[in-house]
Amino acid sequence: MPLRSMTGFAQVKGEVQRQPLEGDVAKTANGRLAFALSLKSVNHRFLDLHFRLPSGTDSLEMQLRRVLKDAIARGHVDVTLSLERSSGESFALNRELVGGYIAAFRAAAAEFSLSAEPDLNAVLRIPGALESANDSADGEIEAAVMAKVGEALARLNQMREEEGRGIERELRQRMTHLLEAGRSVRQHRRAVLQNYTERLQSRIQELIGTTADKERVLQEAALLVDRSDIQEEIVRLENHVQHFLGLLDEGGEVGKKLDFLLQEMNRESNTLLSKTSGLAGEALQITEAGLAMKAEIEKSREQVQNLE
């Protein structure tokens, strides 16, 4: 499976063709009901599904949730379903709900001695205040929506894969720059070690003169120089880069693994800089290369944060 970004958007539209109700002329309506299903995803540590569905579609939400969990591994996903009823659609008043609201309103007004009457426009905006004459066909709506989910997911994943290909290209470029910086450090490492050893030996001789065992002093100096060597950090950094490129080749859900590797690369670059701090001359080239490494790693992390 190719790399996928967690950013994407898709929308599909459809409609349900229903037969007009028989018997009651007031409830006879055009049988057309259009809908639009939208999926919008952004980056998130885990899979986080949010639904904006019409009232009375709880069973549809459960069906959508199961399908989305099977198709998407990570990301914050907003699922929106909007219905567009035909102009001939008739509605019935939910007398029990509206009556209860008006009674409660008037009771509150009387209790606090207020002269006020309920606003009908506000009352009718209460969820469930108006019932469609065709609400008995909710099962048909759910079936029609579920028949379109696969198409919506295909479009969403197509966009996420396109974004993923762009991120992959940039990450490979970043890793190339990182390896180039590592080669630059290797070129200057030997000269830096030689200069560091000479300076250290000279300074020790100035401090102790001829009163100490020179062989012992040189052994201690060699140990100190070895601890200041950055060869180990360079090797580990290059290994991490190769592992990173291998994960890009594998594809799939590798965002968390890539992020962990970049954290390790950042740790190695920090150690490299700390070992070469305070040195002048050619060591400054290593410092510049180390800072370039950190910049590439940080920019890579910004991109990896958006991979599934």
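Listed by Cβ neighbour count within 10 Å, with the fewest neighbours leading, Thr7, Thr80 appear as Thr80, Thr7. The label-point distance for Glu264 and Ser55, in a model that sets each label 7 Å from Cα toward Cβ, rounds to 5.5 nm. The alpha carbons of the range 91-132 stretch over 37, 17, 12 Å along the principal axes, in descending order.
Tell me, in nm to one decimal, what length is gained between Gln187 and Gln305 on full extension, where the rule is 0.36 nm per residue of separation less the Cα-Cα distance?
39.2 nm
With each label point set 7 Å from Cα along the Cα-Cβ vector, what nm distance links Glu232 and Gln11? According to this spin-label approximation, the distance is 5.8 nm. Cross-link check: pairs Lys256/Lys299; Lys13/Lys69; Lys13/Lys256; Lys148/Lys257; Lys148/Lys256 evaluated at a Cα-Cα cut-off of 24 Å; pairs beyond the cut-off: Lys13/Lys256; Lys148/Lys257; Lys148/Lys256. Measuring r between the beta carbons of Glu151 and Leu93 and using R0 = 25 Å, the FRET efficiency lands at 0.10. Modelled spin-label separation between Glu253 and Leu114, with each label point placed 7 Å from Cα along the Cα-to-Cβ direction: 5.1 nm. A Cβ-based charge dipole, computed about the Cα centre of the range 91-132 with Lys and Arg at +1 and Asp and Glu at -1, lands at about 40 debye.
Coordinate-derived values only; no laboratory data. None of the values given here were measured: they were computed from a predicted structure. Please note: Cβ atoms are built from the backbone with ideal geometry, for glycine as well, and neighbour counts cover all protein chains shown.
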